[in-house]
1. Mark the label point 7 Å from the Cα of Arg179 along Cα→Cβ and return the residues of region 1-36 whose backbone N is within less than 16 Å of it.
2. Take Lys150 and Arg94, extend 7 Å from each Cα along the Cα→Cβ direction, and tell me the distance between the two endpoints in nm.
3. Dipole size in debye (nearest 20) for the chain around its Cα centre, Lys and Arg Cβ +1, Asp and Glu Cβ -1?
4. Going by the alpha-carbon gyration tensor, a ≥ b ≥ c the square roots of its eigenvalues, is region 66-140 rounded (a/c under 1.5) or, if a/c is not under 1.5, prolate (a/b greater than b/c) versus oblate?
5. Using helices alone, I'd like the mean residue ellipticity at 222 nm for the chain: each DSSP H run of four-plus residues gives -39500 (n - 2.57), total over residue count, nearest 500.
6. Identify which of the listed values of Cα Rg over 2.2 N^0.38 Å was calculated from the structure shown: (1) 1.31; (2) 0.96; (3) 2.40.
7. Working out 0.36 nm times the residue gap between Leu10 and Gln117, then minus their Cα-Cα distance, what length gain in nm do you get to one decimal?
8. Could you pull out every one of the lysines with an alpha carbon less than 27 Å from that of Lys25, ignoring same-chain neighbours closer than 8 positions?
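The values are calculated or read from the model by the stated rules, or taken from the named source; none is laboratory data. All of these numbers come straight from a predicted model, not from anything done at the bench. A quick note on method: Cβ atoms are made from the backbone with ideal geometry, for glycine too, and the neighbour counts reach across all protein chains shown. Ligands, DNA and RNA are stripped out before the accessible areas are found, and what is left, the full protein with its side chains, is counted by its heavy atoms. Shrake-Rupley method; radii C 1.70, N 1.55, O 1.52, S 1.80 Å.
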Amino acid sequence: IQQRAIPPILQGHDVLASAQTGTGKTASFVLPLLQRLMETTLSRDGKFRPVRALILVPTRELALQVSESVRKYGSHVPLSRTTIFGGVGMTPQREALRAGRDIIVATPGRLLDHLSQKTADLRHVEILVLDEADRMLDMGFVHDVKRILKKLPAKRQNLLFSATFSDQVRGFAEHLLERPQCIDTAPRN
């Protein structure tokens with residue numbers, strides 16, 4: 001998956017990718033995401049850092065796992081990140097968002113809480129990743145994701161990663177992705 005997904009992501013294409021769990025999917029979007037953000041590092045001069053990449057995941061566990069990958073892979077680059085999920089207090093998350101972060105890894109419900117309280121601003125997002133899109137849709141997050149999409153700029157790179165290309169995932173991808181590169185490494189059932 002990394003060999004096939006990284007080049008089109010680096011070229012700025014939207015990507016629809018399917019690969020089984022445990023095949024290195026996370027690295028296939030985190031590594032080029034970090035590279036792309038590094039290439040366009042904004043001059044900050046100590047000012048607020050806008051959110052430039054949003055990674056949406058269906059569960060708290062996956063949010064922590066993906067955030068740890070972002071931390072490891074980006075340990076030597078000047079990009080900041082935070083993780084947003086429910087079941088914990090909002091104050092530390094609010095403070096991290098107020099300080100500004102380049103990358104947010106979030107579950108849809110808690111991110112919507114922050115958006116409704118105006119503690120998150122997604123107007124500068126350059127890259128959107130939907131990880132485990134099939135699970136997100138199966139868990140009923142489709143309306144939450146659509147509400148989040150309305151808060152993002154129209155011009156951005158969209159990456160949709162899934163374990164399967166179900167009809168629901170394909171239908172959702174048609175409305176989200178623009179001329180996507182389709183990568184399917186998952187064996188057929």
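1. Within reach of a label on Arg179, which here means backbone N under 16 Å from a point 7 Å along Cα→Cβ, region 1-36 contributes 8-16.
2. Each label point is offset 7 Å from its Cα along the Cβ direction, giving 2.4 nm.
3. 560
4. It is oblate, given that a/c is not under 1.5 and a/b is not larger than b/c.
5. Calculated at 222 nm, the ellipticity per residue is -12500 deg cm²/dmol.
6. So the structure-derived entry is (2).
7. Taking Leu10 through Gln117 to full extension adds about 35.1 nm, to one decimal.
8. Correct list for Lys25: Lys72, Lys146, Lys150, Lys151, Lys155.
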